[in-house]
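Trainee: Quick one: the structure is below, questions incoming.
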Amino acid sequence: MAAERILVVDDDNNICELLRLYLEKEGYDVILAHNGGEAVKMFQELSPDLMILDIMLPVLDGWQVCREVRKFSDKPIIMLTAKGETFDKVLGFELGADDYVVKPFEAKEVMARVKAVLRRSGSAEKTDIKEVRYDKLVINLTNYELQVDGKKIDTPPKELELIYHLASNPNRVFTRDQLLDEVWGFDYYGDSRTVDVHVKRLREKLEGVSDKWELKTVWSVGYKFGTMD
């Protein structure tokens, strides 16, 4: 099986080479880009399995790159930045990023996040079919596909994992912290508003599709996938 390909995008050559060293040691095929325009072009031409994307870039910044790539690909994106404000994290997730690492970082932490995101995105082989079905809704975690009213809907991996987790436990209320722990995993360091961002994006895809189920907010508690049985 061919090695998974990772595109590292940073205008700091030292960071690029450091990440290349660690990633290649783990068996990944690594390609580098040093500005946003080059990153979008390389993503289109080489179709990497994952992109590690700095935010402060020449030509196009990381937000613009993420926005452009999401027009044609759902492959996972890990944002890399020196900024740690919640606003930056929420904006990244709204644009379709899958994870977020703040500089300065430990290379081992980045490696762990790369493996976790690739595993969640469905790059690894799976033997068991994980799927839940409701009226006009099919959520397949094996192929990472969301079908709404018979049509396949492009959905970033984390959104799909979230709706799969909720729909697999119908009418059970989850707090934001529970969802961060059970969907994002113990290695996620972030704000609980991340969950709100993902639910908002899912609602845009699912609202009004069926009167037999609903992605519901339980005020002051969290969220649930409610069924009308």
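The values are calculated or read from the model by the stated rules, or taken from the named source; none is laboratory data. Note that the structure is a prediction, hence the values are computed from the model and not measured. Virtual Cβ from ideal backbone geometry, glycine too; neighbours counted across all protein chains shown. For accessibility, only protein heavy atoms count, side chains too; no ligands or nucleic acids. Shrake-Rupley method; radii C 1.70, N 1.55, O 1.52, S 1.80 Å.
Trainee: Could you tell me how many of the residues in the stretch 101-126 are assigned to a strand (DSSP E or B) and modelled with pLDDT of 85 or more? Talk me through it step by step, then tell me what you get.
Mentor: Within the stretch 101-126, the first condition is being assigned to a strand (DSSP E or B), and the residues that meet it are 101-102.
Those left that are additionally modelled with pLDDT of 85 or more: 101.
Here the count works out to 1.
Trainee: While we're looking at this one, here's another question. Determine, yes or no, whether S47 is within 22 Å of I153 (Cβ to Cβ) and open to solvent by less than 40 Å² (accessible area, probe 1.4 Å).
Mentor: Considered against the rule, which asks whether it is within 22 Å of I153 (Cβ to Cβ) and open to solvent by less than 40 Å² (accessible area, probe 1.4 Å), S47 comes out as no.
One line per residue, one yes/no per condition, for (1) open to solvent by 10 Å² or more (accessible area, probe 1.4 Å); (2) in contact with a strand residue (DSSP E or B) (Cβ under 7 Å, 6 or more places away or on another chain):
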residue	(1), (2)
L7	no, yes
N35	yes, no
E38	yes, no
M42	yes, yes
L53	no, yes
V59	yes, no
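Trainee: Here's something else I'd like to know. Please work out which residue is nearest to the chain's Cα centre (by Cα), limiting yourself to the stretch 199-229 and to residues that are open to solvent by less than 10 Å² (accessible area, probe 1.4 Å) and over 16 Å from V132 (Cβ atoms).
Mentor: V199
Trainee: Just wondering, is there one or more residues in the stretch 62-85 that are out of contact with any helix residue (DSSP H, G or I) (no Cβ under 7 Å at 6 or more places or on another chain), farther than 25 Å from I153 by Cα, among the charged types (D, E, K, R) and open to solvent by 20 Å² or more (accessible area, probe 1.4 Å)?
Mentor: yes
Trainee: What's the total number of residues in the stretch 153-176 that are within 18 Å of the chain's Cα centre (by Cα) and free of Cβ contacts under 8 Å to residues at least 60 places away in the same chain? Outline the logic, then answer.
Mentor: Filtering the stretch 153-176 for residues within 18 Å of the chain's Cα centre (by Cα) gives 153-166, 176.
Next cut, free of Cβ contacts under 8 Å to residues at least 60 places away in the same chain only: 153, 159-162, 164-166, 176.
Going through the stretch 153-176 one residue at a time, the tally reaches 9.
Trainee: Something else about it: Restricting to strands (runs of 3 or more DSSP E) lying wholly in the stretch 127-186: which have 1 or more residues that are open to solvent by less than 50 Å² (accessible area, probe 1.4 Å), in contact with a Ser or Thr (Cβ under 9 Å, 6 or more places away or on another chain) and within 23 Å of K212 (Cα to Cα)? Quick ask: steps written out before the conclusion?
Mentor: On the way: elements: 131-134, 137-140, 145-148, 151-153.
Hits in the stretch 127-186: 131-134, 137-140, 145-148.
Trainee: Please go through the stretch 98-111 and pick out each residue that is over 12 Å from L23 (Cβ atoms) and of a type outside the set (D, E, K, R).
Mentor: Selection gives Y100, V101, V102, P104, F105.
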